[in-house]
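Right, I'll just put the structure down here and ask away after.
The values are calculated or read from the model by the stated rules, or taken from the named source; none is laboratory data. Please read all numbers here as calculations on a predicted model, not as lab measurements. When we count neighbours, we look across all protein chains shown, and the Cβ atoms used for this are built from the backbone with ideal geometry, even at glycine.
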């Protein structure tokens with residue numbers, strides 16, 4: 001009886017895993033097929049011979065270097081900006097009582113609940129007035145503010161024992177030093193988690209980038225890769241498109257694997273109060 | 001010179017609650033002063049005000065000759081040890097101690113010298129480069145101590161630093177702290193809710209209740225000569241027995257001073273009663289005895305069983321009287337009058353040795 005339940009549970013887990021893994025498998029498999037294989041019916045699970053040339057073609061057609069560089073610039077600067085803006089904000093919300101602090105924190109929470117589709121028209125108009133459409137600053141500066149990052153880091157900072165801050169005050173540490181030398185290192189796992197979310201979100205961002213840009217000059221990879229679908233004279237070359245997607249995803253996968261290990265380490269060291 | 005003075009200090013929290021009102025207190029230079037009292041009595045708040053971690057709503061605090069009321073914690077020449085150690089978890093033992101010294105702007109050579117000195121003083125030489133998470137509770141508390149010692153301040157504040165340690169380690173740390181105080185000769189202010197800690201460690205004791213100082217004095221003074229019912233019942237293990245006398249005043253006596261047999265040259269009261277419970281403590285036992293004046297505690301080496309009928313003898317010189325405001329009555333004439341009046345109480349006898357007329361049963 002017990003064994004039966006365990007077998008059933010294992011099978012359910014395997015089924016779930018397959019559901020999650022299959023799109024990845026299908027993407028990689030398709031990216032290595034010939035065009036004919038990619039559209040044949042019934043579909044072939046695996047390519048007969050591996051067409052690595054698809055990747056070269058995707059790279060060239062997408063102008064990967066140009067858009068990749070844009071993606072890196074936008075993602076890295078957004079992350080840096082968020083650290084600069086959201087960490088002090090979260091520190092203030094977690095540790096200070098100031099005029100209307102409750103009200104402002106409520107605003108952050110409200111913003112957390114608003115979907116982007118509600119706010120994009122006014123934001124577009126605003127940035128258009130600034131002359132920031134089709135510029136790096138238009139893609140970066142508005143996104144250095146993140147309600148999620150502030151909320152998440154506020155919670156992290158609130159968990160830090162007050163005694164530590166008292167001890168730091170007696171150690172003659174300034175407010176800035178307390179934030180950078182005490183709070184940040186202790187909240188490191190949380191900060192890394194937030195930054196990972198930000199990086200993934202910004203790297204994959206399609207919606208905002210599409211709205212805030214008109215030309216190729218500052219556009220990023222997701223839009224360029226989407227363009228792969230339109231190049232074959234009305235014929236969707238799925239194999240090339242999937243190769244482009246694998247290239248788009250690879251950095252995120254690497255980043256995730258790297259950060260995942262780091263988060264675990266950070267939790268072990270940061271685990272005492 | 002580093003005596004600490006509270007002058008008319010009031011502390012009101014933003015929610016409107018006043019936890020300390022009209023506090024006037026002097027903590028002697030180089031004393032080991034223990035602030036003791038039940039939870040929420042204001043002792044920790046008082047300590048944190050010395051450190052500068054709590055604002056003073058009204059009044060003035062001096063350390064030595066300086067008015068420190070408005071000074072930042074780092075500028076007050078105080079070091080503090082916290083209940084939960086407050087060790088920076090992401091720094092090694094060495095960096096934990098260095099952090100404050102670097103902020104003070106000491107020279108590298110100075111820092112190294114102080115580090116070596118304090119780390120060996122608390123016996124953590126092997127762990128100088130260890131992360132705190134690798135160390136035990138006792139060792140972490142030593143880091144906190146080392147960090148405080150390294151600052152070489154004239155005032156040393158401790159907020160229940162032993163309460164997270166197990167009983168054996170606590171006893172050991174107690175004597176180490178007493179030793180440390182002797183070596184450093186700085187002013188120690190120690191907060192605890194444990195009167196045993198207060199009695200064993202303090203040169204001076206300040207007993208707090210509900211934001212007010214109930215009594216100050218040496219451990220002997222507050223034990224032998226309590227000013228009021230609160231101090232009488234709070235200090236001692238267990239505290240004093242208090243029984244009401246005809247509504248207007250109260251009689252107190254120590255459980256240790258009550259006897260089951262009549263001592264020689266006895267002069268005092270005798271209460272007939274029955275043993276309700278008996279706790280064996282090793283050398284002696286703690287008895288709950290039901291008498292006509294209520295249930296009282298007796299701590300005695302004499303063996304008695306549950307349910308035994310006993311007489312409890314309390315000598316005249318061991319009796320303390322308190323008025324209806326729970327303040328000690330010290331007037332000799334009034335005490336004599338009260339002693340006489342106990343006679344009138346039903347079921348209580350006043351015994352005079354050799355007089356023959358008294359005796360319990």
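Restricting attention to segment A:195-246, which residues are in contact with a helix residue (DSSP H, G or I) (Cβ under 9 Å, 6 or more places away or on another chain), assigned to a loop (DSSP other than H, G, I, E, B) and under 19 Å from residue A:63 (Cβ atoms)?
A:205, A:206, A:213, A:216, A:217, A:218, A:219, A:220, A:231, A:232, A:237
How about segment B:66-93: which of its residues are within 8 Å of chain A (Cβ to nearest Cβ) and in contact with a strand residue (DSSP E or B) (Cβ under 6 Å, 6 or more places away or on another chain)?
B:78, B:79, B:80, B:82, B:83
Tell me, yes or no, whether segment B:123-134 has at least one residue that is within 13 Å of another protein chain (Cβ to nearest Cβ), touching a residue at least 12 places away in the same chain (Cβ under 8 Å) and in a helix (DSSP H, G or I).
yes
If we scan segment A:160-182, do we find a residue that is more than 14 Å from chain B (Cβ to nearest Cβ), touching a residue at least 40 places away in the same chain (Cβ under 8 Å) and surrounded by fewer than 19 Cβ atoms within 10 Å (Cβ to Cβ)?
No, segment A:160-182 has no match at all.
Can you tell me which residue among A:252, A:186, A:263 is within 14 Å of chain B (Cβ to nearest Cβ) and modelled with pLDDT under 90?
When all the criteria are applied, what remains is A:186.
Return the residues of segment B:198-215 that are buried (at least 18 other Cβ atoms within 10 Å of the Cβ) and assigned to a strand (DSSP E or B); say none if nothing qualifies.
Hits for segment B:198-215 are B:204, B:205, B:206, B:207, B:208, B:209, B:213, B:214, B:215.
Kindly evaluate residue B:112 against the criterion of being closer than 23 Å to residue A:168 by Cβ and outside any loop (DSSP other than H, G, I, E, B).
yes
Being away from chain A (no Cβ under 14 Å), in contact with a helix residue (DSSP H, G or I) (Cβ under 8 Å, 6 or more places away or on another chain) and either at pLDDT below 90 or farther than 18 Å from residue B:201 by Cα (or both), is that true of even one residue in segment B:144-161?
Within segment B:144-161, not a single residue is away from chain A (no Cβ under 14 Å), in contact with a helix residue (DSSP H, G or I) (Cβ under 8 Å, 6 or more places away or on another chain) and either at pLDDT below 90 or farther than 18 Å from residue B:201 by Cα (or both).
Okay, moving on. Consider segment B:117-130. How many of its residues are surrounded by 13 or more Cβ atoms within 10 Å (Cβ to Cβ) and either more than 14 Å from residue B:176 (Cβ to Cβ) or over 33 Å from the mean Cα position of the chain (by Cα) (or both)?
5
Just name the residue that is surrounded by the most Cβ atoms within 10 Å (Cβ to Cβ) out of those in segment A:86-104 that are more than 16 Å from residue A:187 (Cβ to Cβ) and more than 14 Å from chain B (Cβ to nearest Cβ).
Checking each candidate, the answer is A:104.
Okay, moving on. I'd like to know if segment B:49-65 contains one or more residues that are surrounded by fewer than 20 Cβ atoms within 10 Å (Cβ to Cβ), within 14 Å of chain A (Cβ to nearest Cβ) and either at pLDDT below 95 or assigned to a helix (DSSP H, G or I) (or both).
yes
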